[in-house]
Amino acid sequence: MAVKYLDLYKYLRSMKKQVLLLNQDNTPLNIITISKAFKLLDKDKVWVDESVGEYYEVVSVSKIIKIPKVLILKYYVKLPFKKVAPSRKNIFKRDHYKCQYCGIDLCDKTATVDHIVPRSKGGGSTWTNMVAACRDCNTFKGNRSLKEAKMQIKIKPKEPSYGFLFEHMLITFRKEKNA
Ligand SMILES: [Zn+2]
């Protein structure tokens, strides 16, 4: 499929392919679109990670453009302090998709979020008051406190680091890259 150069950006945007961007010190920084990657290459802001040696091939009118799947920034970007929201998905990821009461494995369909101190008793939707739970444990606990329900949490919940959630982004990237 030949692509006019002028339409290249448009074409790249439509490809929905992802490129892993590493910081200057080789730590993962972000997952970017192939069009953003092309721009960074064009502006000479990135190195190509030759050790990975994997490319997306884009066929244009006159040539084949190779866009690496992994790029390294030529300068260091200081990561801003990022707050991660305690969304349902993020709670499940933090708790490794395991019920924090009985330990059973969960998936998006079976996982629920339990408020340790029930909302009706003033418990907030915070990292430290929410855990992943299976339906049975959640229903059993109901509107009771841990003490009232005589239940125990496996691991005291806390706010995860940004790096932890980034690891999950990387896992998704690798899955999509290999798909
Ligand atoms: Zn359970």
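The values are calculated or read from the model by the stated rules, or taken from the named source; none is laboratory data. This one's a predicted model, so the numbers in the text were calculated from it and none came from an experiment. All Cβ positions, glycine included, derive from the backbone under ideal geometry; neighbour counts span all protein chains shown. These accessible areas exclude ligands, DNA and RNA; they are computed on the full protein's heavy atoms, side chains included. Shrake-Rupley method; radii C 1.70, N 1.55, O 1.52, S 1.80 Å.
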Go through the stretch 46-73 and give me each residue that's open to solvent by 60 Å² or more (accessible area, probe 1.4 Å) and closer than 15 Å to LEU29 by Cβ.
-> TRP47
Tell me which residues, restricted to the stretch 147-169, are surrounded by 14 or more Cβ atoms within 10 Å (Cβ to Cβ), outside any loop (DSSP other than H, G, I, E, B) and modelled with pLDDT of 85 or more.
-> ALA149
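A quick yes/no check of all residues on (1) within 16 Å of the ligand (Cβ to nearest atom); (2) touching an Asp or Glu at 6+ places or on another chain (Cβ under 8 Å):
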position: GLN24; (1), (2): no, no
position: LEU40; (1), (2): no, no
position: LYS63; (1), (2): no, no
position: VAL70; (1), (2): no, yes
position: HIS96; (1), (2): yes, no
position: THR112; (1), (2): yes, no
position: TRP127; (1), (2): no, yes
position: ALA132; (1), (2): yes, yes
LYS141 vs (1) loosely packed, with under 14 Cβ neighbours inside 10 Å; (2) of a type in the set (Lys, Arg); (3) within 13 Å of the ligand (Cβ to nearest atom): all pass except (1)
Pairs only if they're at least six apart or on different chains, beta carbon under 6 angstrom, first in the stretch 114-140 and in contact (Cβ under 8 Å) with a residue 40 or more places away in the chain and under 19 Å from GLU159 (Cα atoms), second of a type in the set (Val, Ile, Thr) and within 16 Å of the ligand (Cβ to nearest atom); list them, first residue then second.
-> MET130/ILE91; MET130/VAL113; ALA132/ILE91
If the Cβ limit is 6 Å and pairs must be 6+ apart or interchain, which residue in the stretch 27-44 that is in a helix (DSSP H, G or I) pairs with which residue that is open to solvent by 80 Å² or more (accessible area, probe 1.4 Å)?
-> ILE34/LYS17; SER35/ARG13
